[in-house]
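Heads up, the thing below is written out as structure tokens.
Computed from the coordinates by the stated procedures, all read-outs in this text should not be read as laboratory data. Treat the numbers as computed from the prediction; the structure is a model and nothing was measured. Neighbour counts run over all protein chains shown; Cβ positions are idealised from the backbone, glycine included.
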Amino acid sequence: TVATIDDTIVDSASPESLPLVIGGVTGAGGIIDNDQPSISTVEPGAPGVGDNNVVEGNSLSYTVTLTGSTTIASTYAYSLGGGTATATSDYNTTPTFSNGVSLVGSNLIVPAGVSSFTVTVATIDDTIVDSASPESLPLVIGGVTGAGGIIDNDQPSISTVEPGAPGVGDNNVVEGNSLSYTVTLTGSTTIASTYAYSLGGGSATA
């Protein structure tokens, strides 16, 4: 009987072989590592690309990379949310996972043989004009944070179209001068926005 040592080192290959030879006959035993690699990065979008944010209605994927491959089923603390995005209103709280990863309570269970996986979160295309965009949606796995975000695709409406300076009785100008209209929206646009436009139709002739 050989006592094995429970260390804290993540072995690059597991099981590690431990042959015993007696009288020319070999018994091929081995030692399975029970240490797990740590989380290296949690990257929103494609790794190395500036695509941390998605337009609402699209899926936001995070690529999770470990410092090595798991040799046994490994557990990592998991948290989604805590930013300005609102659960169930801005995103679905039940993401999908690749490579056999599963969510149990507030922990992710990563099966053996996995060195990276994705977490995909469905965002919700609502009709609300968000006051701040993008809305942050952090994902924390094993103490490492990925800072994703959701871009609002709703546009503010037109509040007023004011000839001349707002609030001043200067709606008319003497011909030969420029007539300016100040257009005010109900909020700031977060993406390029389109509005119907028409000039004319009164007694002035184009």
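Some notes on this structure:
- Spin-label pair T4/N34, simplified geometry with 7 Å Cα→Cβ offset, distance in nm: 0.9 nm
- Projected label points at T26 and I191, each 7 Å from Cα along the beta carbon direction, are separated by 6.2 nanometres.
- Eigen-decomposition of the gyration tensor built on the alpha-carbon atoms of the chain gives equivalent ellipsoid semi-axes of 63, 14, 12 angstrom, largest listed first.
- Estimated at 0.36 nm per residue, the fully extended path between S157 and A46 surpasses their Cα-Cα distance by 36.6 nm.
- Here the gap between I128 and L103, fully extended at 0.36 nm per residue and compared with their Cα-Cα distance, gives a gain of 6.0 nm.
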